[in-house]
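Trainee: Pasting in a structure now, in structure tokens, and then I'll have a few things to ask.
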Amino acid sequence: MFRPALFVLALMLADAPSWAAPASVEEIVRRSVKNTNSNWEAAPQYSFTERDVTEKQGKRTTKTSRVMMIEGSPYYRLQSVNDEPLSPRENANEERKLRDETDRRRRETPAARQKRIAEYGKERRQNEELMREMAAAFKFEPLPEETVAGRRCFVLAATPRPGYKPQSRETKVLTGMRGKMWIDAQQYQWVRVQAEVFRPVAFGLFIAHVQPGTEFLLEQQPVQGSLWLPSHFSMRVKSNILLWSRNSNDDETYSGYTHAVNEQAIRKPGEAP
């Protein structure tokens, strides 16, 4: 269940009613930035199923959960572990935890509710800052068009812009990254994004370093109308903290997007999501 700001590097989406050749690479990026906000704002309105495969220190774990927005913040309802469905007892226990958490959130004090939603909102604001900074942090160069998943795509290479000054700790990582983007030529949505850290980036007074070899891949699909949301995200992290080296792999797939209000309305008590 990986949720760092790096994930949002891949969420600059775009939209256009019909394809028309843009005047420049800057125009492709401009249209992407314009439509990022509407997609980003709509995302919390949807529930979805997430299959998360993680590898840490040689141990591989797979968990599948239904991710639901409940009273303003997400809740992960476990469905299977290592691709094995939960037992009837485990499933009943997860259903009980879901009901208890839903009741707890509905009964919480205004102050507690505000704090919970604010914590979720803080992460989203950091991610929004990262998206805003991308246009300033990177130079975009056109590459030959390609077809991905049956869709004609503009292809852009992104490299750090000389002289860029990071505005925060989160945006500092942009100075050591480069990538490649496939943008749908009809709707101006990102079909695929690949990025890598190619030089070390230091955090916290040089105590921690994100190392070369850190990379991610994002793939997206249309969900409803002009709304596109992630279908696959994978990330390999190489980092050093003081004298310790930490490596991890994370691979997530997303499916079954449903409007959160509609899902809660049709779900019967005791029915697994």
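The values are calculated or read from the model by the stated rules, or taken from the named source; none is laboratory data. The structure displayed is predicted, hence computed values, not measured ones. All Cβ positions, even for glycine, are placed from backbone atoms using ideal geometry, and neighbour counts span all protein chains on display.
Trainee: Restricted to region 57-72, and to residues that are of a type in the set (D, E, K, R) and either modelled with pLDDT under 90 or part of a loop (DSSP other than H, G, I, E, B) (or both), which residue is surrounded by the fewest Cβ atoms within 10 Å (Cβ to Cβ)?
Mentor: Taking region 57-72 and keeping what is of a type in the set (D, E, K, R), we get 59-60, 63, 66, 71.
Next, from what is left, pick out any that are either modelled with pLDDT under 90 or part of a loop (DSSP other than H, G, I, E, B) (or both): 59, 71.
Numbers: Lys59: 7, Glu71: 14.
Only one residue tops the list, namely Lys59.
Trainee: Additional query: Kindly provide the set of residues from region 23-33 that are under 20 Å from Pro230 (Cβ atoms) and loosely packed, with under 15 Cβ neighbours inside 10 Å, ordered by number.
Mentor: none
Trainee: Scanning region 114-171 for residues that are farther than 30 Å from Tyr75 by Cα and of a type in the set (Gly, Ala, Ser), which turns out modelled with the lowest pLDDT?
Mentor: To start, the set of residues in region 114-171 that are farther than 30 Å from Tyr75 by Cα comprises 135-167.
Now narrow it down to the ones that are of a type in the set (Gly, Ala, Ser): 135-137, 149-150, 157-158, 163.
Numbers: Ala135: 70, Ala136: 79, Ala137: 86, Ala149: 91, Gly150: 93, Ala157: 95, Ala158: 92, Gly163: 88.
Restricting to residues being farther than 30 Å from Tyr75 by Cα and of a type in the set (Gly, Ala, Ser), the top hit is Ala135.
Trainee: Looking only at region 173-205, count how many residues are more than 24 Å from Arg31 (Cβ to Cβ), of a type in the set (A, V, I, L, M) and outside any strand (DSSP E or B).
Mentor: Looking only at that region, the number is 2.
Trainee: Surrounded by 15 or more Cβ atoms within 10 Å (Cβ to Cβ) and assigned to a helix (DSSP H, G or I) - does that describe any residue in region 103-111? Let's see the steps before the verdict.
Mentor: Here is the first cut: in region 103-111, the residues surrounded by 15 or more Cβ atoms within 10 Å (Cβ to Cβ) are 105.
From the residues that got through so far, the ones that are assigned to a helix (DSSP H, G or I) too are 105.
Yes: region 103-111 contains one or more residues that are surrounded by 15 or more Cβ atoms within 10 Å (Cβ to Cβ) and assigned to a helix (DSSP H, G or I).
Trainee: Give me the pairs: first residue in region 40-56 and of a type in the set (D, E, K, R) and assigned to a strand (DSSP E or B), second residue surrounded by fewer than 17 Cβ atoms within 10 Å (Cβ to Cβ) and modelled with pLDDT under 90, beta-carbon distance under 6 Å, and six or more apart or on different chains, which are they?
Mentor: Short answer, once both residue conditions are applied: Asp52/Met1; Glu55/Asn249; Lys56/Ser248.
Trainee: Can we say Pro222 is more than 14 Å from the chain's Cα centre (by Cα), modelled with pLDDT of 85 or more and in a strand (DSSP E or B)? Give the steps one after another, and end with the answer.
Mentor: Working: more than 14 Å from the chain's Cα centre (by Cα): yes; modelled with pLDDT of 85 or more: yes; in a strand (DSSP E or B): yes.
Here the answer is yes, as Pro222 does meet what is asked.
Trainee: Given the conditions (1) part of a strand (DSSP E or B); (2) over 17 Å from the mean Cα position of the chain (by Cα); (3) not aliphatic (A, V, I, L, M), which single one is not true for Gln114?
Mentor: (1)
Trainee: Every residue in region 154-172 that is in contact with a Pro (Cβ under 9 Å, 6 or more places away or on another chain) and either part of a strand (DSSP E or B) or closer than 15 Å to Lys139 by Cα (or both), please.
Mentor: Across region 154-172, the qualifying residues are Phe154, Val155, Leu156, Ala157.
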